[in-house]
Number of protein chains: 2
Amino acid sequence: MTLPPLCEAFVLHFGEMGSRWGINRTVGQIYAVLFIAERPLCADDIVERLGISRSNVSMGIKELQSWNLLRQRSMPGDRREFFHTPEDIYAIVRTLVDERKKREIDPTLSVLRELLMRSPESESERHAQARIREMHELIELLTSWYADVQKLETERLIQLLSLGSKIVKVLDMKDRLFALPGGKRNPAGKEG
Amino acid sequence: MTLPPLCEAFVLHFGEMGSRWGINRTVGQIYAVLFIAERPLCADDIVERLGISRSNVSMGIKELQSWNLLRQRSMPGDRREFFHTPEDIYAIVRTLVDERKKREIDPTLSVLRELLMRSPESESERHAQARIREMHELIELLTSWYADVQKLETERLIQLLSLGSKIVKVLDMKDRLFALPGGKRNPAGKEG
DNA sequence: CTCCATTTTCAGAAAAATATGAAAATTCAG
DNA sequence: CTGAATTTTCATATTTTTCTGAAAATGGAG
């Protein structure tokens, strides 16, 4: 690896983390290198920085592209392709979450739904279905929350995240305000 | 595998998903079996249901225990240990998130912090640090949001999730209400 | 303590995932 | 078109992870 110490440490950690996330170490390292690079890099730049084979880089890039995580740029008078990550880190996280959802949550939801449609043929299947239903409902709740929050501009999202659970106080306040005239109007906290 | 078809389908899918989450297939399957079981199971019950070796089950259980995902129970007059998952699925998710945070986010934060303390020794290190700083800030934001929301009772959490981004409207309302008397009082949306 | 049921450990087998180099394919200037 | 530069593919080598059976450890009951 031919990276300055600080960069090397980052890249190594990122690779390590990647491997706990079901992404392979090398792919994680390639991403890390691109993330901190000052300029778009071509495949051979990555080969040099990570000291891995050209073909490995090629496959890693392909993998990252399939996750929509890379931008591509070609320089005039140079046949090589140059890769970089989006500037906006919020955009990166959105992509990451969207892709994981697409690959993991959506297929799971559809399997769970299919299982919930079946008629249980024994007591144990009946019980399994009840558990699966709980899981399905929870995932639906989280998913629809995400679908909703995803639409916010970054500005708003940050505002919301910064508030954290203090939001609950705001909610209480709202409830109290609107509850004054005619008693409990909306006890479950749901809106139209 | 000796499971009714519905259970088998669930267990297989769960194992498959587990392997994308850095958990190995078998461990995922063991968890799935326990999750849908009608009663606590002993290691041999799992051996029978999944058709894997006793030692594999033993290691899988150990792994799940290290994640705090299992409850244990012993039956009077029976020396075997029986395992089950918590009833409350929200509690399960909380545990899961807590553990992942502990193992993945916390170490990453500390590495990033350490890297940010160093003095960059080149332009490329300076740039890397700037990128790392952005990442660090984003993770801090998400983490502190989670730390905050984690404290809510399940009831409240569901309420919050159900609202989704509609919460922003409530915020706007609040801002407008309190802005009336004396102009912009809290433009950044932060409280406390 | 001994005995026996049970669980855990662990070295090595088996399987799966990754990495490589060589060859094939692509791309584009001339 | 040709040919050089570059990228991709793919069979196989390498490494890593997972799984197993045998042996060791544990933990009560008697």
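The values are calculated or read from the model by the stated rules, or taken from the named source; none is laboratory data. In this text, all values refer to a predicted model and were calculated from it rather than measured experimentally. Because the Cβ atoms are built from the backbone with ideal geometry, glycine has one as well, and the counts that use them run over all protein chains shown. Only protein heavy atoms, including side chains, enter the accessible area calculation; ligands, DNA and RNA are left aside. Shrake-Rupley method; radii C 1.70, N 1.55, O 1.52, S 1.80 Å.
Numbers at a glance
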read-out: When the convex hull of its Cα atoms is projected in every direction, mean area for chain A (nm²); value: 17.6 nm²
read-out: Cα long-axis angle, helix A:154-163 against chain A (0 to 90 degrees, to the nearest 10); value: 60 degrees
read-out: Amide H within-cut-off set for B:Glu81, under 5 Å, with H built and near neighbours excluded; value: B:Ala43
read-out: Axis-proximal residue, chain B, for the rotation superposing B on A (Cβ, Å); value: B:Gly22, 3
read-out: Test item: A:141-153 mean partner chain Cβ contacts at 10 Å; value: 4
read-out: Average beta-carbon neighbours from other chains, 10 Å sphere, peptide A:123-135; value: 6
read-out: Per-peptide average of other Cβ atoms within 10 Å, ordering A:51-60, B:17-26 highest first; value: B:17-26, A:51-60
read-out: Inter-chain Cβ neighbour average for residues A:74-81, partner chain, 10 Å; value: 0
read-out: Vicinal HN-Hα couplings computed from phi for the stretch A:111-119 (Karplus, 6.51 cos²θ - 1.76 cosθ + 1.60; Hz; Gly/Pro x); value: 5, 4, 4, 4, 5, 6, 6, 5, 8
read-out: Dimensionless Rg over Rh [the stretch A:5-84; C-alpha; Kirkwood]; value: 0.95
read-out: Relative contact order %, the stretch B:1-160, counting alpha carbon pairs below 8 Å whose residues are six or more apart; value: 15 percent
read-out: Karplus (6.51, -1.76, 1.60) ³J(HN,Hα), θ = phi - 60°, over the stretch A:62-73, in Hz, Gly and Pro reported as x; value: 4, 4, 4, 5, 5, 8, 6, 9, 10, 10, 10, 8
read-out: Total accessible surface hidden between A and B, rounded to 100 Å², 1.4 Å probe; value: 7000 Å²
read-out: For chain A, calculated [θ]222 nm from helices alone, where every DSSP H run of n ≥ 4 adds -39500 (n - 2.57); value: -21500 deg cm²/dmol
read-out: Given chain A, longest segment not containing exposed loop GluC sites (Glu not before Pro) (DSSP; at most 16 other Cβ within 10 Å); value: A:39-86
read-out: Protein accessible area in chain B, 1.4 Å probe - carbon and sulfur %; value: 54 percent
read-out: Residue-wise HN-Hα coupling along the stretch A:85-90, computed from phi with Karplus coefficients 6.51, -1.76, 1.60 (Hz; x: Gly, Pro); value: 9, x, 4, 7, 5, 5
read-out: 1.4 Å probe, heavy atoms, protein only - residues of the stretch B:2-23 losing at least 10 Å² accessible area vs chain alone; value: B:Pro4, B:Pro5, B:Leu6, B:Cys7, B:Ala9, B:Phe10, B:His13, B:Phe14, B:Met17, B:Arg20, B:Trp21, B:Gly22
read-out: C-alpha long axis of helix B:123-150 to longest principal axis of chain B, angle in °; value: 70 degrees
read-out: Across A:Lys174/B:Lys101; A:Lys151/B:Lys101; A:Lys101/A:Lys151; B:Lys101/B:Lys174, pairs whose alpha-carbon gap is larger than 22 Å; value: A:Lys174/B:Lys101; A:Lys151/B:Lys101; B:Lys101/B:Lys174
read-out: Taking all pairs of distinct alpha-carbon atoms in the stretch B:87-151, Kirkwood radius in angstrom; value: 13.4 Å
read-out: Other copies of B:Arg79: label-to-label distances in nm, shortest first, labels 7 Å along the beta-carbon direction; value: 7.4
read-out: Per-selection Rg to Rh, the protein assembly as shown - Cα, Kirkwood hydrodynamic radius; value: 1.02
read-out: Whole-number accessible area per residue in Å² for chain A, which is evaluated in the context of all protein chains at 1.4 Å; value: 54 Å²
read-out: Alpha carbon centroid spacing (whole Å) that separates the stretch B:96-166 from the stretch A:128-153; value: 22 Å
